[in-house]
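Read the structure below first, then the notes.
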Amino acid sequence: MSAINGIGAGGGIQQIMAMRQQIIDRSHLLRQIRTPESGLPAETNSPTGGFTDALKSALDTVNASQTKADGISAAYEKGETVDVAKVMLARQEAGVAFEATLQVRNKLLTAYQDIMRMGV
């Protein structure tokens, strides 16, 4: 059947291997471009370290915002804090941060699914 498409079995494998090699070469070039002269620490220049650290930092910020809102709400319920505006502002801030995190997650999931479909 592959002979009908004009590509023999060996030719298809060779094309795939050539594409794989191009991807590897480009990956090496991108790593060479990202050097410590960028002003960032060396570990931040690694492709996974930078993204992972940024994602962890964002999630920690969202968690801190939710913890702060929970603390302020609990203090209001106990009668320690009388400023309702402060409570509502903290709750809204935590809600917006959580919604933004969900949107980022959805975009990352969509991008991952698109990349997985490219291989098919």
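Values quoted throughout were computed directly from the atomic coordinates according to the rules given, and no laboratory measurement underlies them. Just so it is clear, the structure is predicted and the values come from calculations on it, not from any experiment. Neighbour counts are summed over all protein chains in view; Cβ atoms, including those assigned to glycine, are modelled from backbone coordinates with ideal geometry.
Tabulated data for the structure shown
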item	result
Extension reserve of the Ile23-Ala58 stretch, reckoned as 0.36 nm per residue once the Cα distance is removed	9.6 nm
Reach of Lys78 by Cα under 17 Å, taken over lysines that are not fewer than 8 positions away in the same chain	Lys68, Lys86
Estimated distance in nm for a label pair at Gln14 and Ala75, the labels positioned 7 Å out from Cα along Cα-to-Cβ	7.3
Span per principal axis, largest first, for the Cα atoms of segment 61-120 (Å)	60, 15, 14
Highest average packing first - 12-23, 61-72, Cβ atoms within 10 Å	61-72, 12-23
